[in-house]
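Enquirer: Here you go, one structure.
The values are calculated or read from the model by the stated rules, or taken from the named source; none is laboratory data. For clarity, every value in this text was computed on a predicted model and none was experimentally measured. Glycine gets a Cβ as well: all are built from the backbone with ideal geometry, and neighbour counts include every protein chain shown. We work out accessible area using only protein heavy atoms, side chains counted, and drop any ligands, DNA or RNA first. Shrake-Rupley method; radii C 1.70, N 1.55, O 1.52, S 1.80 Å.
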Amino acid sequence: MNAPENPQAILLAGLDGDNTWGIEHYIKRGGYSALRKILESGMTPEQIIAEVKKSDLRGRGGAGFPTGLKWSFMPRQFPMDKYVVCNSDEGEPGTFKDRDLLRYNPHLVIEGMAIAGYVMGCTRGYNYIHGEIFSLYQRFEEALAEARAAGFIGKNILGKGFDFDLFAHHGWGAYICGEETALLESIEGKKGQPRFKPPFPASHGLYGKPTTINNTETFAAIPWIINNGGEAFQALGKPNNGGTKIFSVSGHVNRPGVYEIPLGTPFSTLLEMCGGMRGGRKLKAVIPGGSSAPVLPGDIMMDCTMDYDSISKAGSMLGSGAVIVMDETTCMVKSLERLSYFYHEESCGQCTPCREGTGWLYRMVHRIEHGQGRPDDLDTLDNVASNIAGRTICALGDAAAFPVKSFIKHFRSEFEYHVEHKHCLVPVDVQREGSRIYVEHAAC
Amino acid sequence: MLEIEIDGQKLEVPDGSTVMDAANRLGLHIPHFCYHKKLSIAANCRMCLVQVERAPKPLPACATPVTNGMKVQTHSEQAVTAQKGVMEFLLINHPLDCPICDQGGECQLQDLAVGYGASSSRYQEEKRVVMNKNLGPLISTDMTRCIHCTRCVRFGQEIAGVMELGMANRGEHSEIMTFVGHTVDSELSGNMIDLCPVGALTSKPFRYSARTWELSRRKTVSPHDSLGSNLIVQVKHDEVKRVLPLENEDVNECWISDRDRFSYEALNGEERLTKPMIKQNGQWLEVDWQTALEYAASSLRRVTDEHGAGKVGMLAAPYATVEELYLGAQLMRGLGGGSIDTRLRQSDFGLDGKLSGTPWLGMKIADVSKLNAALVVGSFLRKDHPLLAQRLRQAARRGTRVSALGVSGEDWLMTTHARVTVAPSQLAAELAGLVKAAADIRGVAAPAAAASASVSDAARRIAQSLIDDGARAIFLGAVVQQHAQAAGLHALAQELARLTGATLGYLGEGANSVGAAVVGAQTGLNPQQMFAGDLRACVLLHAEPELDAANPAAAVEALKRADTVIVMSPFKTGLDYADCLLPVSPFTETSGTFVSIEGRIQSFHAVVRPKGETRPAWKVLRVLGSMLELGGFRFDSSEQVRDEALSGATGWLPEYKLGNTASDVACATPAAVEGLQRVADFPIYRNDALARRAPALAATRDSAVPSARISTGTAQAAGLATAKRVRVRSAAGACELDLTLDDTVPASCVRVSAGWPQTAPLGALSGTLNVEAV
Ligand SMILES: Cc1cc2nc3c(=O)[nH]c(=O)nc-3n(C[C@H](O)[C@H](O)[C@H](O)COP(=O)(O)O)c2cc1C
Ligand code: SF4
Ligand code: FES
């Protein structure tokens, strides 16, 4: 928690670090009132979906899919088992927002999921929490026990005849388990490998039953929408980009951290909130939406507002809202090498273009970075990335290809310099200086 | 129906079809690796990417459902670029050393690379190397060649019913492997070799022994079980090099069992008999055919003259051909009343003359897939009928309720509706319980034999499944046929069939057991009577009574007592009791015909020339008949023999010849047995003369040296809980075996496999055994 009190926050509002995650504090903050409102007023699932549609809430997990629309795909009248699943796998490099929600405000997610269960006629939900920070999983279990004891989940919730139970499930650190169908496989106890779609989870999900999967932050936005109305949520942001969004800002800024701001806020404002560039250096590039999003040069970024449409128009994606800021001391070849290594390591290996292509990409970038690049490598890199993108079972292939294509597109000369001179354009001592941690700033 | 247009051609396909299905109907080839019509869709190779109108990116044809009005291009620029891209990815880490790869010439990757690959590689990095795995004696690995299509994995999970191979690790480190320290032991494992599109999984026995383009492909029929699997035998220089399935959807689909696939090794083995031999003064001499035939003919003549034809008999394996058995029967009849039989393992012949026809499956094999419920009684199903088990497994996946009543709780690797496992002596009681349950459900009085039977929950569930609507069947397996109460058990099963409306069928012992009965090769004394009586002359046709008889010890005794024993076999066998060995063709070296368990008549040609001086048995019998101046041996071809034997029938046996309905047979009553009962199976690779002599099959886990298997509870009760080695005694003899705890063996039983010399001294397949620790 970097911003001590942020007047714009709704998801992270009213929190006092590690002291206020429990249910009594949550209720004091007005928690579980949305669930109570629904059950006591008899709001119908259709009415709730209409509100969520009005809110222009878009999925916070990466793809930005309109949540109200997704919920309307569920065959909620059918009497069979259906599931609601929360994606807290948060493995995308640069993303560290869901863990704060789970650590400091877990009941918000529980309430959001219970409402989703009500809307879609599910009696069971799962929250898939990544295994890297095990204490999150433990905290969520504690929160579940509190909610169960208080009657907010379980049988006959608030005496209104609504049954919904929620379970936590933890992963073991595979990025691919964040992909929604790999996540379902993993819950089922199988190897986490994405499924081919169609069929989509809404018809054939967990254990073959209709399932809706949303990101942690998506669920967390639901109670506010219920309490304040979809239009109010939409008004926080801008049309088609409703509400606030939590950004995980990392890289060469003075105060990296988690910032909840309304969608549509200028990037420059966010940069200011983060205390500006470290050491007052020049902004070189930004990856605006997690490592899978194409990189944008700093000047393009300074003209953007932080919302799905603006970033997409600029040629990238808002993704999970992980903003990776790079200053002029950054070697773009080295950065790409790091990213490509990640996708090479995290490919599930099931489909050919990703299994074979991610290794190829990484090895080529690695070679260039280590002074063994060849003149035709850049075209080959770009072409191999094109041969992966759009040809795989899941979007990891795209995620591996986009950085490569965008780095070469925007910083081609730096790559060419590397190939020709066998070393970085940015001198190594400058890079080293840029990577130093400024202890005096980190204190704030 | 949905309309789709592919490459300009329009057609209608049923709902739920994929683009690949539609293209297949049009006869259009879309390149693919992971897709296989019998396996679930994985869509992982991405080779089948095609352009679909209005889709932003190419889609995999194998997994994309057809929507109405869809327009697909398989050769557009977008499609071909995508396909070439995938091919490049597949090749970057694949060794390009086709000349030293055993799959070369029949490699789908190689074939498609010719069309979609580039002439040189852009990949300049180091190639991946993957450690090979030991999958056992049948499958050889070259895992660096694997393209991760997961066909082998899905075959295990879906067809074989057991996931013995899986893809471990992630990304580029993904490897196909077994569970640590395990081998691939499925009786259907060889199909993975066929499924593997590259040279990652190849046949271990075949490895590096020929290039595929040197091999000629010849069709034949499997002699190893009653299914009649269609085979392709691959031949080089008149030697069988490899056996593959010939697809026949109604019989073996596109699979064969490992027994069908690897038994061929015996054909080229050391044990082949290639010259006639006769024994003189205790010495075996190689002789020419003329001498041997004269010897055989005069021996038969002499014994007939001295003792009468009633003392002459012929015992044939149930996989002898129609032609061989017909001429064998002619020979015995010609001598004036000799006996012939193929049912060596049977001990109760109470059904003889009582059945409405030749016992058979009671339905077409293909119809097994359509059953709603099936009860299999007394069968080691997976090992006795590997592909029928597979068919039932697929049916069970689709909802068929398969139940089992038997003497072994071995896992059938399919979902079963109910299973009852009892000692052999209890089969009658359990069947009676089923009859009673069925009568109760129907609200009719149970037949007297079942009136006081006790009905278990499982019996009620099974009976109900056999009564519920839809096609249903009761199949009797080898355990019933070999049972001392075979006729009585049949009568009970028949009652059950009558009360439930289920079809009664037999699973059949050998490739031609139906044919044997039809051509009169079960006449005169039955094998038991022959061995028990004063048999003076015996002809053994492919049969090996020392392993195959219901009581091997008694059989060998009888043969040793006889004046003459003429062995007609491809193998040097019976040296201790025979006095004449005639080398006759195995199924690959003769033309012939098998009638399968469904009544299907399948004729085949020789695929190679007879080895050495070997001759087709039908020709040998023809000469013997002529030498003995018996009538009815004037045939020019095996086809003429077949036509006479089967009264001209081709394709299918006329239905009136087949029938499983017995009249006038009393139901079995449960026998009270004290002590430990023997449960005997014929292990899958100890079941016929060929399989027994195939070295690779002999190295599998299924061929492990026989042990005395006993459940933990029974071992404790018998004070054998800690015993390692035991002495097993029967009324006939004894042997020493390792003791294995095995909870699939029913209580109060010891399972001691037959088909092994080690256990032959125990004699009868049933009865009680005494087991003591040594
Ligand atoms: C490789 C890969 C990793 C992903 N990881 C996550 C993740 O960690 N958390 C997440 O919420 N969504 C992740 N997603 C997106 C999910 O598949 C899914 O779209 C999302 O959970 C839907 O929720 P939303 O509609 O609320 O955004 C990932 C997708 C891919 C392809
Ligand atoms: S794109 Fe990569 S991660 Fe996704 S299914 Fe294919 S191999 Fe697995
Ligand atoms: S055949 Fe379609 S993806 Fe492999």
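Enquirer: Would you point out which residue out of B:V130, B:V72 is modelled with pLDDT of 95 or more and not assigned by the TED database to the domain that holds B:S40?
Expert: Every option except B:V130 fails the conditions.
Enquirer: May I ask you to list the residues in the stretch A:324-345 that are in contact (Cβ under 8 Å) with a residue 40 or more places away in the chain, part of a helix (DSSP H, G or I) and more than 7 Å from chain B (Cβ to nearest Cβ)?
Expert: A:M332, A:V333, A:K334, A:S335, A:L336, A:L339, A:S340, A:F342, A:Y343 - these are the residues of the stretch A:324-345 that are in contact (Cβ under 8 Å) with a residue 40 or more places away in the chain, part of a helix (DSSP H, G or I) and more than 7 Å from chain B (Cβ to nearest Cβ).
Enquirer: Quick one: which of B:L697, B:L720, B:L762 is crowded, with 22+ Cβ neighbours inside 10 Å and touching a strand residue (DSSP E or B) at 6+ places or on another chain (Cβ under 8 Å)?
Expert: B:L762
Enquirer: For the condition under 20 Å from B:K127 (Cβ atoms), of a type in the set (A, V, I, L, M) and within 14 Å of ligand 2 (Cβ to nearest atom), what is the one hit in A:I388, A:I393?
Expert: It is A:I388.
Enquirer: Here's something else I'd like to know. Need the failing condition index for A:T352 against (1) of a type in the set (S, T, N, Q); (2) farther than 17 Å from B:N44 by Cα; (3) within 16 Å of ligand 3 (Cβ to nearest atom), just the number.
Expert: So the condition that A:T352 fails would be (2).
Enquirer: Look through the stretch A:380-400, keep the residues that are without any contact (Cβ under 8 Å) to a residue 24 or more places away in the chain and in a helix (DSSP H, G or I), and return whichever of them is nearest to the chain's Cα centre (by Cα).
Expert: Per the criteria, the residue is A:S386.
Enquirer: Scan the stretch A:356-379 and tell me whether some residue there is buried (at least 17 other Cβ atoms within 10 Å of the Cβ), charged (D, E, K, R), touching a residue at least 60 places away in the same chain (Cβ under 8 Å) and not assigned by the TED database to the domain that holds A:P194.
Expert: So far as the stretch A:356-379 goes, no, none of its residues is buried (at least 17 other Cβ atoms within 10 Å of the Cβ), charged (D, E, K, R), touching a residue at least 60 places away in the same chain (Cβ under 8 Å) and not assigned by the TED database to the domain that holds A:P194.
Enquirer: When you go through B:A463, B:A459, B:A438, B:A453 one by one, which is the residue that is open to solvent by less than 60 Å² (accessible area, probe 1.4 Å), over 19 Å from B:L361 (Cα atoms) and outside any helix (DSSP H, G or I)?
Expert: Result: B:A453 is the single residue among B:A463, B:A459, B:A438, B:A453 that is open to solvent by less than 60 Å² (accessible area, probe 1.4 Å), over 19 Å from B:L361 (Cα atoms) and outside any helix (DSSP H, G or I).
Enquirer: Scan the stretch A:195-209 for residues that are more than 14 Å from A:C86 (Cα to Cα) and in a helix (DSSP H, G or I) and report the count.
Expert: 2
Enquirer: So, one more: How many residues does the stretch B:590-647 contain that are charged (D, E, K, R), part of a loop (DSSP other than H, G, I, E, B) and surrounded by 15 or more Cβ atoms within 10 Å (Cβ to Cβ)?
Expert: The qualifying residues number 3.
Quick grid of which residues meet (1) among the aliphatic types (A, V, I, L, M); (2) within 30 Å of B:S298 (Cα to Cα):
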{"position": "B:T614", "(1), (2)": "no, yes"}
{"position": "B:F635", "(1), (2)": "no, yes"}
{"position": "B:P654", "(1), (2)": "no, no"}
{"position": "B:A668", "(1), (2)": "yes, no"}
{"position": "B:A691", "(1), (2)": "yes, no"}
{"position": "B:A694", "(1), (2)": "yes, no"}
{"position": "B:D702", "(1), (2)": "no, no"}
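Enquirer: While we're on this one: Of the conditions (1) open to solvent by 60 Å² or more (accessible area, probe 1.4 Å); (2) within 15 Å of ligand 1 (Cβ to nearest atom), A:G189 fails just one. Which one is it?
Expert: (2)
Enquirer: Taking the conditions exactly as written (assigned to a strand (DSSP E or B), more than 14 Å from every other protein chain (Cβ to nearest Cβ) and open to solvent by less than 40 Å² (accessible area, probe 1.4 Å)), does A:I222 satisfy them or not?
Expert: It is false that A:I222 is assigned to a strand (DSSP E or B), more than 14 Å from every other protein chain (Cβ to nearest Cβ) and open to solvent by less than 40 Å² (accessible area, probe 1.4 Å).
Enquirer: Still on this structure, I have one more. Filter the stretch A:2-32 down to the residues that are in contact with a helix residue (DSSP H, G or I) (Cβ under 6 Å, 6 or more places away or on another chain) and not aromatic (F, W, Y) and list them by number.
Expert: Passing the criteria: A:I10, A:L11, A:L15, A:I23, A:G31.
Enquirer: Within the stretch B:317-371, can you find the residues that are open to solvent by less than 10 Å² (accessible area, probe 1.4 Å), more than 18 Å from B:V620 (Cα to Cα) and charged (D, E, K, R)?
Expert: Hit for the stretch B:317-371 is B:D341, nothing else.
Enquirer: Shifting gears a bit: Give me a count of the residues in the stretch B:507-550 that are modelled with pLDDT of 95 or more, surrounded by 24 or more Cβ atoms within 10 Å (Cβ to Cβ), farther than 11 Å from B:T342 by Cβ and not aliphatic (A, V, I, L, M).
Expert: Matching residues across the stretch B:507-550 total 3.
Enquirer: Another question, then. If you check every pair at least six apart or on different chains, which have Cβ atoms under 9 Å apart with a residue in the stretch A:239-257 that is touching a residue at least 60 places away in the same chain (Cβ under 8 Å) and part of a strand (DSSP E or B) first and a residue that is of a type in the set (D, E) and open to solvent by 30 Å² or more (accessible area, probe 1.4 Å) second?
Expert: A:N241/A:D56; A:N241/A:D309
Enquirer: Take A:T212 and decide whether it is touching a residue at least 12 places away in the same chain (Cβ under 8 Å), out of contact with any Asp or Glu (no Cβ under 9 Å at 6 or more places or on another chain) and part of a helix (DSSP H, G or I).
Expert: no
Enquirer: Return a yes/no flag: does the stretch A:360-373 have any residue that is touching a strand residue (DSSP E or B) at 6+ places or on another chain (Cβ under 9 Å) and either away from every other protein chain (no Cβ under 14 Å) or of a type in the set (D, E, K, R) (or both).
Expert: Scanning the stretch A:360-373, I find no residue that is touching a strand residue (DSSP E or B) at 6+ places or on another chain (Cβ under 9 Å) and either away from every other protein chain (no Cβ under 14 Å) or of a type in the set (D, E, K, R) (or both), so the answer is no.
Enquirer: Here is a list of conditions, (1) part of a helix (DSSP H, G or I); (2) open to solvent by 10 Å² or more (accessible area, probe 1.4 Å); (3) within 16 Å of ligand 2 (Cβ to nearest atom), and A:G173 meets all of them except one; can you say which number that is?
Expert: Looking at each condition in turn, A:G173 falls short on (1).
Enquirer: Which of the residues belonging to the stretch A:88-100 are within 15 Å of A:G59 (Cβ to Cβ) and touching a strand residue (DSSP E or B) at 6+ places or on another chain (Cβ under 8 Å)?
Expert: Correct list: A:S88, A:D89, A:E92, A:T95, A:K97, A:D98.
Enquirer: Mind listing whichever residues of the stretch A:318-355 are surrounded by fewer than 22 Cβ atoms within 10 Å (Cβ to Cβ) and within 16 Å of ligand 1 (Cβ to nearest atom)?
Expert: Hits for the stretch A:318-355 are A:Y341, A:F342, A:E345.
Enquirer: Given the criterion within 11 Å of chain A (Cβ to nearest Cβ) and over 27 Å from A:A389 (Cβ atoms), identify the matching residue among B:G166, B:G104, B:G161.
Expert: Result of the check over B:G166, B:G104, B:G161: B:G166.
Enquirer: Turning to a different aspect of this structure: For the stretch B:36-60: of the residues being assigned to a loop (DSSP other than H, G, I, E, B) and more than 12 Å from every other protein chain (Cβ to nearest Cβ), which is least open to solvent (accessible area, probe 1.4 Å)?
Expert: Only one residue tops the list, namely B:L39.
Enquirer: Here is a further query. So, in the stretch A:204-215, exactly how many residues are surrounded by 15 or more Cβ atoms within 10 Å (Cβ to Cβ) and within 14 Å of another protein chain (Cβ to nearest Cβ)?
Expert: Matching residues across the stretch A:204-215 total 1.
Enquirer: Taking the stated definitions as given, is B:S209 on the phi < 0 side of the Ramachandran plot, open to solvent by less than 10 Å² (accessible area, probe 1.4 Å) and in a loop (DSSP other than H, G, I, E, B)?
Expert: The answer is no for B:S209.
Enquirer: Exactly one of (1) under 25 Å from B:M47 (Cα atoms); (2) away from ligand 3 (no atom under 16 Å from the Cβ); (3) crowded, with 16+ Cβ neighbours inside 10 Å is unmet by B:E125. Its number?
Expert: Result: B:E125 fails condition (3) only.
Enquirer: It is to be established whether one or more residues within the stretch B:37-51 are farther than 30 Å from B:K127 by Cβ and either in contact with a strand residue (DSSP E or B) (Cβ under 6 Å, 6 or more places away or on another chain) or of a type in the set (D, E) (or both).
Expert: Checked the stretch B:37-51: at least one residue is farther than 30 Å from B:K127 by Cβ and either in contact with a strand residue (DSSP E or B) (Cβ under 6 Å, 6 or more places away or on another chain) or of a type in the set (D, E) (or both).
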